[in-house]
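Derivation of every value follows stated rules applied to the coordinates shown; laboratory data play no part. Fair warning: this is a prediction, and the values are worked out from it, not measured in the lab. Neighbour counts are summed over all protein chains in view; Cβ atoms, including those assigned to glycine, are modelled from backbone coordinates with ideal geometry.
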Amino acid sequence: MAEYYCSPHEDLGMKGAVAVGEGVETESTGGGGGGEVDPEEMGVPFHPHYVGVSTIVMMVVSLLFAFFLLKYGESPHASGGNN
């Protein structure tokens with residue numbers, strides 16, 4: 001049995017081992033999941049104002065698209081089906 005670790009997981013106390021062949025004793029350690037994790041702890045910089053700004057931009061673009069579609073309608077060159 002060869003024991004190993006990787007640097008990010010060693011700091012969290014995680015260990016691993018590789019067993020090759022039959023008749024090797026195994027130990028079940030349960031599962032992970034330690035509850036909710038803050039995205040910033042996982043390396044994702046989270047800025048709430050970006051979420052708000054992107055939501056407002058999405059709404060404005062949708063409203064502008066609807067306005068131009070209602071004002072000018074479809075293109076006269078648009079055809080539907082097999083005409």
Neighbour-count ranking for Lys71, Lys15 (other C-beta within 10 angstrom, fewest to most) reads Lys71, Lys15
Ranked from fewest to most other Cβ atoms within 10 Å of their own Cβ, Ser7, Ser54 fall in the order Ser7, Ser54
